[in-house]
Amino acid sequence: MNWRDLMCGDVRPEHVGQRLALAGWADSRRDHGGLVFVDLRDRTGICQLVLNPERAPEAAEKGHAIRNEFVLRAEGEVVRRAPEAVNPNIPTGEVELQVDSLEILSSSTPLPFQLDEENVDETLRLRYRWLDLRRTKMQRNIGLRSRMVSAIRRTMEGGGFLEIETPILFKPTPEGARDFIVPSRLQPSRFFALPQSPQILKQLLVIGGFDRYFQIARCFRDEDLRDVSAVQITQGVDEQK
């Protein structure tokens with residue numbers, strides 16, 4: 001048994017008539033008393049599920065219990081939507097899955113915030129980071145970063161550059177900020193430092209003959225949150241005015 005045959009956002013009109021298994025989170029549910037419509041979401045997009053009690057009474061009964069972020073697996077037939085029901089705003093808007101069997105793989109407690117809610121407190125978002133990462137904006141930003149890094153690698157490799165990772169644990173170096181230090185387990189009272197930049201290691205590589213080298217480097221600087229302080233000072237001035 002395949003857990004899924006396609007990602008939710010990949011279902012298209014050319015799949016009409018095919019039987020598919022889809023899996024993802026319940027993005028929303030619309031209960032019309034008889035028919036139940038569920039927008040099933042994964043990182044690629046949304047596909048509408050139709051739970052019809054005349055076609056699949058057991059699946060339709062389960063549909064009444066679905067809430068946002070339930071994890072579902074559905075099997076059924078891809079059909080075209082009625083012309084008046086087509087959603088031009090999403091790539092899967094011309095089709096839907098007529099469900100024959102439905103599994104609730106995991107239920108969800110009431111959410112601390114809705115995923116489409118704007119201006120959610122950052123502390124709350126970080127506390128429930130796994131939910132925050134499901135938000136469309138976060139999915140889009142992480143996907144964009146991945147594509148940018150991939151493009152950088154293709155371009156650099158096409159120019160004959162080698163990607164090399166320099167060590168994360170190194171000795172303290174005189175940079176412009178404080179070091180993050182890591183105690184050595186084997187040498188008490190001795191410490192490593194997390195690199196503020198790969199400059200020294202990069203110079204060693206170039207001298208060692210790797211004249212075309214690139215790295216998407218991780219740098220660590222123990223600096224104060226100047227921007228936060230500036231915001232607080234600005235707010236204080238505004239309040240005095």
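Looking only at region 154-191, which residues are among the basic types (Lys, Arg) and touching a residue at least 24 places away in the same chain (Cβ under 8 Å)? Steps first, please.
Taking region 154-191 as the starting set, the residues that turn out to be among the basic types (Lys, Arg) are 154, 171, 178, 185, 190.
Passing the criteria: only Arg178.
Within region 187-203, work out how many residues are farther than 13 Å from Phe220 by Cβ and not in a loop (DSSP other than H, G, I, E, B).
Total meeting the criteria: 6.
It is to be established whether one or more residues within region 98-111 are farther than 29 Å from Gly143 by Cα, hydroxyl-bearing (Ser, Thr, Tyr) and not assigned by TED's automatic domain parsing to the domain that holds Tyr128.
The answer is yes; a qualifying residue exists.
Could you tell me which of the residues Val120, Val86, Val99, Val95 is over 23 Å from Ala65 (Cβ atoms) and in contact with a Gly (Cβ under 7 Å, 6 or more places away or on another chain)?
On the way: Val120 fails: in contact with a Gly (Cβ under 7 Å, 6 or more places away or on another chain); Val99 fails: over 23 Å from Ala65 (Cβ atoms); Val95 fails: in contact with a Gly (Cβ under 7 Å, 6 or more places away or on another chain).
Going through Val120, Val86, Val99, Val95 in turn, the sole match is Val86.
Based on what the data block shows, is Arg81 outside the structural domain of Arg212 (by TED's automatic domain parsing), in contact with a Gly (Cβ under 8 Å, 6 or more places away or on another chain) and of a type in the set (Lys, Arg)?
yes
How many of the residues in region 1-39 are over 15 Å from Asp100 (Cα atoms) and assigned to a strand (DSSP E or B)?
9
The values are calculated or read from the model by the stated rules, or taken from the named source; none is laboratory data. Keep in mind the model is a prediction, meaning the values are calculated, not measured. Using ideal geometry, Cβ is built from the backbone for each residue, glycine included, and neighbour counts are taken over all protein chains shown.
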